[in-house]
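Below: one structure, written as structure tokens.
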Amino acid sequence: MTAIPITIRVQAEPFDSEAEVASLTAGRTDVGAVVTFQGLCRSEGGSLAALELEHYPGMAEAEIRRVAEAAAARWPVLGLAAIHRHGKIAPGAPIVLVVATSSHRQAAFEAAAFLMDFLKTRAPFWKKEHHADGREGGWVDARETDDAAAARWGGNDA
Amino acid sequence: MTAIPITIRVQAEPFDSEAEVASLTAGRTDVGAVVTFQGLCRSEGGSLAALELEHYPGMAEAEIRRVAEAAAARWPVLGLAAIHRHGKIAPGAPIVLVVATSSHRQAAFEAAAFLMDFLKTRAPFWKKEHHADGREGGWVDARETDDAAAARWGGNDA
Amino acid sequence: MRLLYFAWVRERIGKTEETVDLPAHVRTGADLLAWLKTRGEEYDHALERPDVIRLAMDQMHIRQDETIAEAREIALFPPMTGG
Amino acid sequence: MRLLYFAWVRERIGKTEETVDLPAHVRTGADLLAWLKTRGEEYDHALERPDVIRLAMDQMHIRQDETIAEAREIALFPPMTGG
């Protein structure tokens with residue numbers, strides 16, 4: 001466990017990235033670097049009407065928190081936030097937000113990338129596609145490139 | 001030269017990170033990943049009253065653009081923005097913003113980190129410290145860790 | 001023991017959750033999958049490739065060779081695709 | 001030729017810019033630094049460690065061994081510390 005602020009939320013509503021950054025930086029002057037990642041729903045060339053995100057309530061929050069704690073143990077970050085939406089999400093709309101703050105930029109960049117890599121491979125969320133042409137969509141397959149991205153951090157950190 | 005939108009600005013005023021992200025994402029559904037970096041002025045434990053940023057007008061914009069073009073040639077990014085402030089900046093206030101958008105997250109993360117590394121070592125800006133106790137501040141020394149960060153990308157990309 | 005199903009595992013089994021009494025010989029995650037497969041066509045279909053099924057015990061990931069003897073809740077699901 | 005000075009190079013020389021006529025023997029960036037050092041104490045002080053001085057020719061970085069014969073504008077400054 002660490003003493004830094006860690007915000008974890010799973011919600012249907014859109015998030016406010018500006019407000020999350022402000023909550024990790026307002027009133028303090030030790031933060032030199034703020035990295036944010038936002039994952040948006042892509043339309044896959046117009047074929048996608050929406051993504052529907054199913055999750056495992058309780059475990060989703062707990063697993064993201066475990067990944068964030070692992071990031072906080074590995075890099076000198078000053079704050080972390082991770083917000084993941086569930087439910088139906090239209091192309092162009094945000095799905096996930098990660099924020100990492102630190103004194104110097106490398107820790108914030110690496111912690112944010114690490115958080116995303118393990119959130120993708122460990123947080124219990126599943127995407128189902130709804131097609132624009134009305135065809136029943138399938139469940140999105142896990143990508144080997146995501147496993148490879150997580151593996152590059154070595155060990156079993158998260 | 002590339003066909004993607006590249007926003008480069010050097011200005012005294014604060015920037016609006018939300019607006020810069022919106023300008024690279026609004027009305028399109030091919031962006032899956034948005035990475036932002038914000039560099040903030042640190043107080044160095046309360047000893048710093050302000051940073052004063054001097055720059056070489058004209059070359060500053062041109063050099064940041066050259067770095068952005070190099071990033072766009074190297075990664076499949078969909079848009080880039082880099083905004084750097086000049087003048088007096090108080091602790092806690094933002095100095096620099098970088099935004100990178102792409103279909104998948106790795107390109108956005110790497111392009112944003114690359115942009116920051118080369119912006120630090122190649123863009124003609126210089127920081128002078130103003131001390132809280134009234135002592136005349138000195139010019140900030142270039143950090144070897146910044147040269148090392150830029151060198152890790154190999155070659156002479158930017 | 002409470003079992004939870006997610007994504008296409010849930011769709012194929014046709015339930016979000018159920019409570020079962022495990023036979024004594026079911027000790028590991030792999031044992032659980034093998035036993036569930038015998039419970040009907042829908043289970044057999046959902047678990048036709050047991051190697052791809054992920055397990056969580058009391059909301060923590062576990063490997064299939066780990067013991068589930070102490071579990072209150074086991075979840076079965078496909079590889080995660082969030083983010 | 002127009003010369004521009006930034007940061008502590010500017011402060012030590014005491015000017016933001018000036019226009020000079022270069023002697024014919026000044027061909028490279030290093031030649032320029034060596035010649036400027038002879039122009040007075042303030043230049044000698046600003047350029048006391050010529051190896052740390054960075055040069056830009058017409059708003060592009062150049063190495064000190066590059067020719068500056070075609071330059072309209074040369075800027076002298078310390079290593080950059082932006083970002």
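Take D:P79 and tell me if it is surrounded by 13 or more Cβ atoms within 10 Å (Cβ to Cβ) and either at positive phi or modelled with pLDDT of 95 or more (or both).
So D:P79 passes the test.
With the condition kept exactly as written, say whether any residue in region A:126-133 is touching a Pro at 6+ places or on another chain (Cβ under 6 Å), buried (at least 19 other Cβ atoms within 10 Å of the Cβ) and in contact (Cβ under 8 Å) with a residue 40 or more places away in the chain.
no
Inspect all residues belonging to region B:27-35 and state whether any of them is within 13 Å of D:G83 (Cα to Cα) and polar (S, T, N, Q).
No: zero hits.
Does region D:39-47 include one or more residues that are buried (at least 17 other Cβ atoms within 10 Å of the Cβ) and farther than 30 Å from B:R42 by Cα?
yes
Being of a type in the set (D, E, K, R), in contact (Cβ under 8 Å) with a residue 24 or more places away in the chain and closer than 18 Å to B:A22 by Cα is the filter here; which residues of region A:1-34 pass it?
A:E20
So which of C:A46, C:A75 is closer than 29 Å to A:L115 by Cβ, within 11 Å of the chain's Cα centre (by Cα) and among the aliphatic types (A, V, I, L, M)?
C:A75
So B:E110 passes all but one of these: (1) modelled with pLDDT of 95 or more; (2) within 23 Å of D:L55 (Cβ to Cβ); (3) surrounded by fewer than 24 Cβ atoms within 10 Å (Cβ to Cβ). Which condition number does it fail?
Every listed condition holds for B:E110 apart from (2).
State all residues of region A:20-42 that are facing chain B (nearest Cβ under 7 Å), in a loop (DSSP other than H, G, I, E, B) and within 17 Å of the chain's Cα centre (by Cα); if no residue qualifies, say none.
Once the filter is applied, which keeps residues that are facing chain B (nearest Cβ under 7 Å), in a loop (DSSP other than H, G, I, E, B) and within 17 Å of the chain's Cα centre (by Cα), region A:20-42 yields only A:R42.
The values are calculated or read from the model by the stated rules, or taken from the named source; none is laboratory data. None of the values given here were measured: they were computed from a predicted structure. Cβ: placed from backbone, ideal geometry, glycine included. Neighbour counts: every protein chain shown.
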